[in-house]
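Contents: one structure, followed by commentary.
The values are calculated or read from the model by the stated rules, or taken from the named source; none is laboratory data. What you are looking at is a predicted structure, and each value in this text was computed from that prediction instead of being measured. Cβ sites come from the backbone with ideal geometry, for glycine too, and all protein chains shown count toward neighbours. Only protein heavy atoms, including side chains, enter the accessible area calculation; ligands, DNA and RNA are left aside. Shrake-Rupley method; radii C 1.70, N 1.55, O 1.52, S 1.80 Å.
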Amino acid sequence: MWFRRDLRLDDLPALRAAASVGTDGVIPLFVLDQSLLNPAGPNRRRFLAESLRVLDRELGGGLVLRRGAPHRVVPEVAAEVGARAVVTTADFGPHGAARDQSVGEALSAAGRSLLTIDSSYVVAPGTVRGSSGSPLQVFTPFCRAWKSVDWERPLPTEGVRLAVAPSDATVDDIEAGVSVPSRSGLPEWWEGLPLGVAERLPPGGLSAAKDRLERFVMGPLADYGEDRDRPGVAGTSGLSPYLRFGCIHPRTVLMQLGTSAGADRMRTELVWREFYADVLWHRPESARHPLQAFGNHLHWDSGARAQERFRAWATGRTGYPLVDAGMRQLLTEGWMHNRVRMVTASFLVKDLHVDWRLGARWFMWHLVDGDLASNQHGWQWVAGTGTDAAPFHRVLNPILQQRRFDPDGAYVSRYLGEPTASSEPDPWAVGDGYPDPIVDHQLERREALARFRVARQAVAAEKAARS
Ligand SMILES: Cc1cc2nc3c(=O)[nH]c(=O)nc-3n(C[C@H](O)[C@H](O)[C@H](O)COP(=O)(O)OP(=O)(O)OC[C@H]3O[C@@H](n4cnc5c(N)ncnc54)[C@H](O)[C@@H]3O)c2cc1C
């Protein structure tokens, strides 16, 4: 059983299948693939390491860790232990799918097979289709169609007999370099910016995932519909890192939700995760390229001034309290509230005119839940360039957003210091030494819209030239 983004034992169809394939016991294997560890960022590496430690404990110390490229390591281990098949949960991301193909080929060249079973999603990417059989690129019809797909309920994994094989690596190797990450291959813009591990990360592992789900269901779920948009309130599940690493399967989450308005809303949010995975599966280029043609014509700022602005954004020193609180939350917790992700991303793209890909990369480095599909499409949604995007002209006003979603300043003061006493919540009431706004929002909003018009005209001109 080759573990990847499924670091749990419950509701794990691949493990059940592995147990049924052979009679000599299952070898639980995890491969330390440097090509995935390097870009992961210290927060995800630490969370991964902790989740693997917990998994190993649950397996009675039997987890086998091997270092190297999977297309070499997996067939080697299979040959050593005489396994007929390697079973794994299917990976639908562009890198994972290509990797699995090469591992499958290497195994079959040696007369063995790779069995890919289930996925990290309730409904596997590529399954939901419109009535004409085509992929659905807009969320609402996708969600409707998704809800009509029948899915298998979780089954317990019991009685798996383990077999033994040697490791050539330890979990500590994953954490090596986490405190002082190597700068090689990182953008020049990041020189001198904080890249190390966050002070307060959630605990990794399958038992922490179950605790988190239980606490959410017993508490915030009831008011999730209203509270999920208020960053000052602990109103969301905090399950994203656990879903990212498969410490819990979304099926298990759905089974616990029951029926209520909060539960309905939560189900819809989980479908967003499935939707973005589906879009990435059909359009793998969307990880790097805008899905809407005008996005290729948008003019982004570059050079020293843009670099300075990016640095102010990344360190939470733009002079806009909600933006800065969000960016500081990211640095201290490796996580940011969804509403604030939207506001900070919008600010980078539409107020600072910096390419969404640079912001997405910064998020991916720091987010403990960093996930290619959700992150890149979350950014494209905000930038207005995605398949199912907020219209470009909807520019989030960071002051109005703060008044509306953090009216008592609970969130902003948590990350920027205590607000001064004031009967009317004042978005600027933050501690001494706080920077002045680096840009004028109204002015930059007009600038963003002007650039949008130019990009749209370029697309229209291209179309006219073709016809
Ligand atoms: C610019 C931007 C970048 C983002 N990057 C990521 C990312 O790298 N990884 C990630 O998991 N989410 C990402 N999101 C989505 C969302 O912000 C997080 O999933 C959410 O904040 C996680 O907190 P939670 O588990 O408490 O969420 P809850 O509100 O409790 O939601 C439950 C689960 O539903 C899913 N979900 C909720 N909202 C979304 C959404 N908009 N898109 C996709 N899935 C969603 C998540 O799996 C989440 O754990 C991003 C959003 C934006 C706007």
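Quick look at the values:
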quantity: Flag for Met266 being aliphatic (A, V, I, L, M) and more than 12 Å from the ligand (Cβ to nearest atom); calculated: no
quantity: Candidates Ala124, Ala169, Ala165, Ala145, filtered to the one that is hydrophobic (A, V, I, L, M, F, W, C), surrounded by 11 or more Cβ atoms within 10 Å (Cβ to Cβ), without any contact (Cβ under 8 Å) to a residue 60 or more places away in the chain and assigned to a loop (DSSP other than H, G, I, E, B); calculated: Ala124
quantity: Some residue of the range 319-327 being within 28 Å of Ser237 (Cβ to Cβ), open to solvent by 10 Å² or more (accessible area, probe 1.4 Å), away from the ligand (no atom under 11 Å from the Cβ) and modelled with pLDDT of 95 or more; calculated: yes
quantity: Restricting the range 264-295 to residues that are among the aromatic types (Phe, Trp, Tyr) and open to solvent by 50 Å² or more (accessible area, probe 1.4 Å), the residue that is farthest from Pro391 (Cα to Cα); calculated: Trp281
quantity: Test: residue in the range 309-316 that is more than 9 Å from the ligand (Cβ to nearest atom) and free of Cβ contacts under 8 Å to residues at least 12 places away in the same chain; calculated: no
quantity: Among the residues listed as Val178, Val164, Val253, Val171, the single one being modelled with pLDDT under 90 and within 27 Å of Leu59 (Cα to Cα); calculated: Val178
quantity: Segments classed as helices (runs of 4 or more DSSP H), wholly inside the range 340-405, with at least 1 members that are within 8 Å of the ligand (Cβ to nearest atom) and over 23 Å from Arg456 (Cα atoms); calculated: 356-366, 372-383
quantity: The range 371-391: number of residues that are surrounded by fewer than 23 Cβ atoms within 10 Å (Cβ to Cβ) and in contact with a Gly (Cβ under 7 Å, 6 or more places away or on another chain); calculated: 3
quantity: Some residue of the range 296-305 being open to solvent by less than 10 Å² (accessible area, probe 1.4 Å) and either within 9 Å of the ligand (Cβ to nearest atom) or more than 15 Å from Trp146 (Cα to Cα) (or both); calculated: no
quantity: All positions within the range 184-200 that are more than 22 Å from the chain's Cα centre (by Cα) and in a loop (DSSP other than H, G, I, E, B); calculated: Ser184, Glu191, Gly192
quantity: Boolean, Thr236 is over 19 Å from the mean Cα position of the chain (by Cα) and over 26 Å from Gln137 (Cβ atoms); calculated: no
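Table: residues versus (1) farther than 20 Å from Arg4 by Cβ; (2) within 14 Å of the ligand (Cβ to nearest atom); (3) in contact with a Gly (Cβ under 9 Å, 6 or more places away or on another chain).
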position: Leu195; (1), (2), (3): yes, no, yes
position: Gly205; (1), (2), (3): no, no, no
position: Arg228; (1), (2), (3): yes, yes, yes
position: Cys247; (1), (2), (3): no, yes, yes
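Residue-by-condition table, conditions (1) open to solvent by 10 Å² or more (accessible area, probe 1.4 Å); (2) modelled with pLDDT of 95 or more; (3) touching a helix residue (DSSP H, G or I) at 6+ places or on another chain (Cβ under 9 Å):
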{"site": "Ser20", "(1), (2), (3)": "yes, no, no"}
{"site": "Asp33", "(1), (2), (3)": "yes, no, yes"}
{"site": "Gly41", "(1), (2), (3)": "no, no, yes"}
{"site": "His71", "(1), (2), (3)": "yes, yes, yes"}
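Every residue, every condition in (1) surrounded by 21 or more Cβ atoms within 10 Å (Cβ to Cβ); (2) part of a helix (DSSP H, G or I), yes or no:
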{"residue": "Pro202", "(1), (2)": "yes, no"}
{"residue": "Lys210", "(1), (2)": "no, yes"}
{"residue": "Val217", "(1), (2)": "no, yes"}
{"residue": "Tyr224", "(1), (2)": "yes, yes"}
{"residue": "Pro241", "(1), (2)": "yes, yes"}
{"residue": "Cys247", "(1), (2)": "yes, no"}
{"residue": "Leu254", "(1), (2)": "no, yes"}
{"residue": "Gly262", "(1), (2)": "yes, yes"}
